[in-house]
């Protein structure tokens, strides 16, 4: 039953990972609408964070709930992260199409409910509904992209998806600001409906999956494992998000949550070992290639916290830029990242996935270490240049790993593999936010405690007051304002050093854990 089905691979003849090129899943004429649907679906997830963050002042002004508004993002992130492994297994079991359709529909339902929210609590709950759909979109779109194209063509679709993220990073704040200023913040959710509706129609009409072998028994769904993964991941991420914010790290609530997460993790391992078709199969960690990519991209999530979370604060507090200019300093990274990713095929076709990724992460480590060397206060072009170089390095690092690991598994395992990679990256991001937040807070606290007596009384008395002082530097004396700016500069420098350490960790994983050559396979799946 082989034929023109979805192919798993192929590489150029000159590359170290060689495999016969498989046939594409479908003619270009039929792939076009599906690719358009994937890009629209990815745009829903990519625009979400940037477009919502711009409208937060209007949302809080209308609904209240300033003390908990951060859960608009944390709740969504939790839902996306903990559902990724579940959707990955379901897509391998029942096919990509029903999972993607369900995910888009759930995301649109959540968007509609968010637009109807009556207070901050209801909006947070509906954002979690959005996240439940977003987890299906992120993982399944990446999996279908690998299904549609043989290995030598995958950089094309991955570059298009990377471009969606780049455009969203630039356009999201502008669109969110315009809607919040000239319409109503509820439109930032309603705008998802026509975009998602078109994506839903294109997927339903044009996506054709290969016929699947008939099974003698109905597939078993590991509901116990899914619930255990959801509970363990949710509790751990909740502890990371709230730790150091709602309560101290070594307080009873924090220790209790981490202890309960550890117990749930042990229970999850037991459940998954006994399951006939586990949500997170053991082979995900027994295969060196997949385990190495999971760990490396987990480190990527960790280091990405430095530019995405702390650079805007640096640009505004240290450089004195406005929000728009600060956003531009960060957005230049999204310009070089997809370009570098698109060109990375020329490198990995010659020297292999592993060596290409090693080169990228080694360059990223050096770029991150260069950030603390910037002069104080410096000019805006200096961190912008750092971000431009960082985007180029990370494009060379991430795409070869994703394309490479997807090419080491067949169609029936690709959804689970892709979801595990994205899951590790999301968990790394959550851990990084907690870890580097603690580093920044400790540095600021130390600097405030060691301030000269002549300005100590004029400085914020605690960390909670620092943000208010930064927002209104006129309330401080010139000497106190300069001291506080230098303290923020030092704190961000320490975060970037930590990010460089995360890059070094990824480098060590690729050098000592990843195999020298990824075991690329060629798979011919049943035809349509």
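Please treat every number below as a calculation from the coordinates, not as lab data. These numbers were taken from a predicted model, which means no experiment stands behind them. Glycine also receives a Cβ, built like all others from the backbone with ideal geometry; neighbour counts cover every protein chain displayed.
Numbers for the structure displayed
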| item | result |
| --- | --- |
| Alpha carbon convex hull of segment 241-325, volume per residue in cubic angstrom | 157 |
| Order by protection proxy (mean Cβ within 10 Å, highest first), peptides 499-507, 335-343 | 499-507, 335-343 |
| For 494, 206, order by how many other beta-carbon atoms lie within 10 Å, fewest first | 206, 494 |
| Sorted peptide list for 262-268, 513-519, criterion being average Cβ within 10 angstrom, highest first | 513-519, 262-268 |
| Sequence of 182, 314, 483, 87 once ranked by neighbouring C-beta atoms within 10 Å, starting from the fewest | 182, 483, 314, 87 |
| Extended-chain gain in nm, criterion 0.36 nm per residue less alpha-carbon gap, residue 376 and residue 285 | 28.3 nm |
| Binned Cα-Cα distance frequencies in segment 307-356 - 10 Å width, integer % | 24, 32, 21, 19, 4 |
| Whole-number percent relative contact order across segment 223-276, with pairs defined as alpha carbons under 8 Å at least 6 apart | 51 |
| Computed label-point distance, nm, for sites residue 478 and residue 453 using a 7 Å Cα→Cβ extension | 2.4 |
| Gain upon complete extension [residue 105, residue 36; 0.36 nm per residue less C-alpha separation] | 23.1 nm |
| Efficiency of FRET between residue 62 and residue 441 - r from beta-carbon atoms, R0 30 angstrom, step 0.05 | 0.50 |
| Part-to-part distance (alpha-carbon centres) for segment 295-338 and segment 126-196, which is given in Å | 19 |
| Rough spin-label spacing in nm, given labels placed 7 Å along Cα→Cβ, for residue 412 and residue 385 | 5.5 |
| Residue 250/residue 270 FRET efficiency (R0 35 Å; Cβ-Cβ; nearest 0.05) | 0.75 |
| Segment 123-279 - convex hull of alpha carbons, volume per residue in Å³ | 192 |
| Convex hull volume per residue in cubic angstrom - Cα atoms of segment 281-528 | 142 |
| Virtual spin-label span in nm between residue 325 and residue 263, 7 Å along Cα→Cβ | 5.4 |
